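Below is one structure, written out as structure tokens; the observations come after it.
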Amino acid sequence: MDLTSYVNNLGREMATLAEVGGEEGRVLVERLTGALESAIRMTLLDTLSAAADEITRDLAPGSVELRLRGRDPNFVV
């Protein structure tokens, strides 16, 4: 699962919201989005991990694990 499209989509959403603040707001959001990319990715990974745990509880005796291959998470059942 490639998280890039999700991170980019969040950046676009933030840029859209910044339009309200004019040029100054847009520049600020562009700077923040770049700086926050790692934090956004970690938050998405934490969310996916929590989802895997919740699904595992419902699947008992089966399990779902979240594994990373490079920067890309994968679910393993």
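The values are calculated or read from the model by the stated rules, or taken from the named source; none is laboratory data. Everything numeric here is computed off the predicted structure, so don't read it as measured data. FYI the Cβ positions are ideal-geometry reconstructions off the backbone, even for glycines, and counts take in every protein chain you see. The protein model used for the area step is the full one, side chains on, heavy atoms only, and it has no ligands, DNA or RNA in it. Shrake-Rupley method; radii C 1.70, N 1.55, O 1.52, S 1.80 Å.
Observations on the model:
- Contour excess over end-to-end distance, with Cα ends at Arg69 and Ala15 and 0.36 nm allotted per residue: 16.5 nm
- The share of accessible area on the range 1-64 that comes from carbon and sulfur is 59 percent, using a 1.4 angstrom probe.
- Area of Arg41 that stays accessible when all protein chains are in place (1.4 Å probe, Å², to 10): 30
- The C-alpha atoms of the chain define a longest principal axis, and helix 22-59 lies at about 10 degrees to it.
- Cα shape, the chain, gyration tensor, a/c 1.5 rule: prolate
- Taken along the Cα-to-beta-carbon direction at a fixed 7 Å, the label points for Arg41 and Met1 span 1.6 nm.
- Solvent exposure of the chain, expressed per residue, is 74 Å² of accessible area, with all protein chains present and a 1.4 angstrom probe.
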